[in-house]
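Okay, so here's the structure we're looking at.
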Amino acid sequence: MLEDAEGALWPMERLEELRRAEVPELDRIVVAVDPPASGKSTSDACGIVVAGMQMIGAGPQDWRAWVLEDASIRGASPAKWAARVVEAARSWQADRVVAEVNQGGDMVESVLRQQDPLLAYRGVHASRGKSVRAEPVAALYEQGRVFHAPGLQALEAQMGDMTLLGYEGKGSPDRVDALVWALTDLMIDPAAQFKRPQIRRL
């Protein structure tokens, strides 16, 4: 039995309620990557998370997201984790790969394009702390708008250790970081850009 860290953003009880055995047809799928600083066996894992979303209802407030796979890998060289990312993107027919570039800069895109030159890619830069970035995503879970496919135990264990004050687990929350980037790209950023129709007053 896993216990939540005090003040956990994702209580385990809540995650259990959001698990689903079947995944519906999705409108968009992304693979998000949190690259490690190095490829040593003692290094943090390369967080790789696949997620998708349904654009249902009248607007972003009705959209639903599904976390599909945790393909994270530890102790891998850049070429090896890049190959894992491209494999996941092809397997799920992802629309885009989203990668944090704080650690590797242009190198991240370069190693990914060595695996697939035509890869749809977006680099993102973390300018705020991990917990601050995670809060809007945690809010989606609180609203019951994100569901988990089976087999995400390692990711969920990290989620249970993420709190408002930071990560309480060992090492880095690499899997959680990838999750946050995936759902930010699918749900948070599009909602912020969504333009509601203006009402013309006579």
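The values are calculated or read from the model by the stated rules, or taken from the named source; none is laboratory data. Only a predicted model underlies this, so the values are computations on that prediction, with no experimental measurement involved. Positions of Cβ are generated from backbone atoms using ideal geometry, with glycine treated the same way; all protein chains shown enter the neighbour counts. Please note that ligands, DNA and RNA were not included when accessible areas were found on the heavy atoms of the full protein model with its side chains. Shrake-Rupley method; radii C 1.70, N 1.55, O 1.52, S 1.80 Å.
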For this session: Determine whether segment 182-198 contains at least one residue that is open to solvent by less than 20 Å² (accessible area, probe 1.4 Å) and not in a helix (DSSP H, G or I).
Result: no
Exercise. Does residue 153 satisfy the condition of being within 24 Å of residue 64 (Cβ to Cβ), among the polar types (S, T, N, Q) and at pLDDT below 95?
Worked result: no
For this session: Say whether the condition of being touching a helix residue (DSSP H, G or I) at 6+ places or on another chain (Cβ under 6 Å), farther than 24 Å from residue 36 by Cβ, surrounded by fewer than 12 Cβ atoms within 10 Å (Cβ to Cβ) and touching a residue at least 60 places away in the same chain (Cβ under 8 Å) is met by at least one residue in segment 141-159.
Result: no
